[in-house]
Amino acid sequence: MSKIVVIGSCSIDFTTYAPRLPLPGETLIGTKFTTSYGGKGANQCVAAAKLGGETSMICRLGDDQWGLKYKENLVNHGIDVKYANITPNITTGIAQISVAESGENQIVIVPGANNYLITEDVENSADLIKNAEVIVSQLETPFETTLEAFKLSTGIKLLNAAPARVGIDEILKYCTILCVNEPEATLLTNIQVDVTNAVYALKKLLETGCETVIITLGPEGAVYLSKQDQQPIHVLCDEVVAVDTTGAGDAFVGALATYLVTHKDQPMHQIIGAACYVATQSVTKEGTQTSYSDKINAFNRTY
Ligand code: ATP
């Protein structure tokens with residue numbers, strides 16, 4: 001039985017690069033094309049597995065060539081795929097991304113099989129969920145499915161409320177840890193969150209019922225507040241030259257899940273500091289899953 005179970009999305013990112021974004025109806029000649037594995041759920045699971053976490057992925061893939069390839073990618077990272085189900089007559093989730101030289105982008109997402117992750121998938125994997133030390137989920141797959149899994153779990157329930165949306169109060173009372181970035185915290189609290197006022201958002205979010213709330217702050221690290229100690233703590237991260245910040249939040253969540261299992265004897269600020277360290281390392285490299293570290297010692301310092 002895996003100690004970390006991720007219930008979430010898998011998608012393939014098709015990215016084109018061109019001098020500028022096309023106008024409606026226009027065809028442009030681009031300069032580069034990449035295909036990469038993405039989806040917040042899978043990104044977080046891969047980040048956790050790369051750090052030595054024993055992981056399982058509960059997800060839905062399409063019955064196209066990408067579904068099988070994605071399953072192979074998860075297996076190659078040592079992730080248990082018993083509940084990575086191929087769904088007939090539906091495409092694997094995809095994101096079609098266009099990037100201009102200015103850095104501006106346009107994204108079209110087709111969730112495909114991700115929308116078919118149903119509560120029955122949770123019922124079928126109930127033993128796995130009940131026995132997990134940490135279960136992790138996001139908001140890229142149906143909300144009811146995540147809610148069902150959180151109700152079933154007896155371990156740590158870690159929700160990354162991304163992409164941001166309102167109307168998720170029902171699940172927050174089941175969360176052990178809620179992790180959001182600044183725009184997500186802003187949407188959930190109606191406070192324009194930044195490093196100077198994140199503490200007000202933390203307090204407001206803690207009232208929803210979860211035990212610990214974490215807000216990641218990009219280059220400013222992360223702040224968190226727990227019911228237990230009632231004292232907000234700001235964990236700083238290293239200053240680095242950021243090459244590609246895509247998926248940094250997922251690196252953070254994946255690392256957090258692993259360290260909550262492998263370093264459970266450590267205080268929370270050390271665990272969150274180590275997760276920041278891993279996420280910060282990922283922004284120094286291009287790509288998402290490919291930018292996540294596997295050889296890293298994040299606990300040889302004090303945060
Ligand atoms: P993304 O949507 O790009 O995946 P996010 O918005 O969910 O990321 P952030 O708050 O931007 O998440 O970043 C998560 C963590 O990644 C931060 O807590 C920090 O440790 C690291 N990080 C992100 N950007 C930088 C940066 N420019 N320099 C150093 N560390 C960074």
| said: Looking only at the stretch 254-297, how many residues end up being away from the ligand (no atom under 11 Å from the Cβ), part of a loop (DSSP other than H, G, I, E, B) and crowded, with 20+ Cβ neighbours inside 10 Å? | reply: 1
| query | Of all residues in the stretch 165-224, which are in contact with a Leu (Cβ under 7 Å, 6 or more places away or on another chain) and at positive phi? | reply | G209, G221
| query | Does A251 satisfy the criteria of being near the ligand (Cβ under 7 Å from one of its atoms), among the aliphatic types (A, V, I, L, M), at pLDDT 95 or above and on the phi < 0 side of the Ramachandran plot? | reply | yes
| task | Quick one: which residue in K71, K40 is touching a strand residue (DSSP E or B) at 6+ places or on another chain (Cβ under 9 Å), closer than 20 Å to V278 by Cα and modelled with pLDDT of 95 or more? | result | K40
| Are any residues in the stretch 197-235 surrounded by 14 or more Cβ atoms within 10 Å (Cβ to Cβ), of a type outside the set (S, T, N, Q) and in a loop (DSSP other than H, G, I, E, B), and if so, which ones? | G209, C210, E211, L217, G221, P232
| task | Can you give me the ranges of the strands (runs of 3 or more DSSP E) entirely in the stretch 1-76 with at least 2 residues that are under 23 Å from I118 (Cβ atoms) and touching a Cys at 6+ places or on another chain (Cβ under 7 Å)? | result | 55-62
| Residues located in the stretch 168-196, provided they are within 14 Å of the ligand (Cβ to nearest atom), in a loop (DSSP other than H, G, I, E, B) and surrounded by fewer than 23 Cβ atoms within 10 Å (Cβ to Cβ) | D194, V195
| note | Of those in the stretch 112-152 that are in contact with a Lys or Arg (Cβ under 7 Å, 6 or more places away or on another chain) and of a type in the set (S, T, N, Q), the residue nearest to Y83 (Cα to Cα) is N114
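The values are calculated or read from the model by the stated rules, or taken from the named source; none is laboratory data. Bear in mind that the values here come from a model prediction, so they are computed numbers and not experimental data. Counting neighbours? That spans all protein chains shown, and the Cβs are built from the backbone with ideal geometry, glycine included.
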